Amino acid sequence: MAELSIRGVYKRYEGSKEYAVKNLSLETNDKEFISIVGPSGCGKTTTMRMIAGLETITKGQIYIGGRLINDVPPRYRNVGLAFENYALYPPLTVYENLAFSLKAKGIKELEIEEKVKKIASLLRIEHILEKKPAQLVEGDMQRVNIGRALIREPDIILLDEPMSHLDGRTRQILRTEIKRLHNEIKATTVLVTHDQLEALSMADRVAIMNDGELQQFGTPKEVYNSPLNEFVAGFIGEPPMNLFKVEIIKEGNKKYFLFRENKLKIMVPEKYENILNDGEEIRLGIRPTDVFIVSEGSPITADIVENIGEEQRISTRVGSNEFLIFIVKRKYNVSQGDKIRIQLDPEKTHLFDLETGKNILIKKEERVI
């Protein structure tokens, strides 16, 4: 069993007053594929390096398979690590690069040959075993890099931005192959990436970090559909979620979200009726895919229209410096400057507290009407 358990971990580098990682706790299941994602400097790579033993832990504990590893040297953690920069030995062939760590352990040549052939078959690189790194395209270099991590048969595989150098098509192919490999070898896998598409498409669960702190840890569906705070809402999704400051107004027995500058009103969904007050200001979030063109309503102007295959990405001004972005099928054939009518799906709206940034449904019992 190789569950990964991170409990209240902090990391502060010498000479710094700030923590690079703050009170990080998360638990993985055995053989689970998780991703740690976030913007540059959020602490994701530092976390991975602490798991690998390449960075000391300032405070807290990390367990692998129930064994505390805080003071265990990297070579005894049985962790396979694939770096962003490949880290292959230029003078050695692909075969020799794959076999290097096994030879260092004193494993017999016949067993090494068997393991190399098995990994090469899994990675589909049998045809390049006699080539040297300089002769390889980047996609194959990364496959070899991952193969070096896998051949040790580690309890945990750590992948540090493995596709950041690759072109779009190669990234797509390698995403599929890494997921296939995980399903075949069934080792607990941690992917560190800044690319939320990689995280959502590959991982069973996604840990989203910002400023050294864990923001949310859940399935791709959970973090996309139920973001715990404004940061997660704006970070996950492409294009990102639209976020606007709105006012709650009451007209008769109904409450509405009011965009002050253009007087656009949207009816408040029933799920929010009892936790929102007349005159209250709040952050409204709506995903671009949850905005629709309709036949009735006040017309707005399509300020920017981007044609993307079978879809159009449309931006319309809803404030002096604010744009609502939404996606429609090309059947509407909208052109820049057209007057169109739109409707937001009220049930797909997300509301966040202006001060804390938290999703208001998380602690709705604390809110007073």
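Between residue 10 and residue 96, what is the FRET efficiency for a Förster distance of 41 Å, r being their Cβ-Cβ separation, to the nearest 0.05?
0.50
Ranked highest first by average number of other Cβ atoms within 10 Å, how do 5-15, 237-247 line up?
237-247, 5-15
Quick check: net charge around residue 231, other residues with Cβ under 11 Å of its Cβ, Lys/Arg +1 and Asp/Glu -1?
Charge balance in the 11 Å sphere: -2.
Work through the residues other than residue 131 whose Cβ is under 13 Å from its Cβ and net out their charges, Lys, Arg +1 and Asp, Glu -1.
Local net charge: -2.
Let me see the pair-distance distribution of segment 233-369: every alpha carbon pair, 5 Å bin width, integer percents in order.
Binned Cα distances yield the sequence 2, 10, 19, 23, 20, 13, 8, 5, 1, 0.
Once you have the Cα-Cα distance between residue 292 and residue 58, take 0.36 nm times their residue separation minus that, and quote the gain in nm to one decimal.
79.2 nm
Got the relative contact order for segment 196-322 handy, in percent, Cα pairs under 8 Å and 6 or more residues apart?
Contact order relative to length: 17 percent.
Go ahead and run the numbers for FRET between residue 262 and residue 348, Cβ-Cβ distance against an R0 of 25 Å, rounding to 0.05.
0.75
Arrange the following residues from fewest to most other Cβ atoms within 10 Å of their Cβ: 315, 298.
In order of increasing Cβ crowding within 10 Å: 298, 315.
Can you sort 287, 341, 152 so the residue with the fewest Cβ neighbours within 10 Å comes first?
In order of increasing Cβ crowding within 10 Å: 341, 152, 287.
State, to one decimal in nm, how far the label point of residue 31 lies from the label point of residue 110, with both points 7 Å from Cα in the Cβ direction.
3.1
How would you rank 24, 258, going from fewest to most other Cβ atoms within 10 Å of each one's own Cβ?
Ordered from fewest to most neighbouring Cβ atoms within 10 Å, 24, 258 come out as 258, 24.
Compute the signed sum of charges (Lys and Arg +1, Asp and Glu -1) over the other residues within less than 11 Å, Cβ to Cβ, of residue 70.
So the environment of residue 70 carries a net charge of +3.
Sorted by average packing, counted as other Cβ atoms within 10 angstrom per residue and highest first, what order do 89-99, 323-333 take?
The densest-packed peptide leads the list: 89-99, 323-333.
Any read-out appearing in this document is the output of simple, stated calculations on the displayed coordinates, not a laboratory observation. This structure is a prediction, so every number in the text was calculated from the model and none was measured. Using ideal geometry, Cβ is built from the backbone for each residue, glycine included, and neighbour counts are taken over all protein chains shown.
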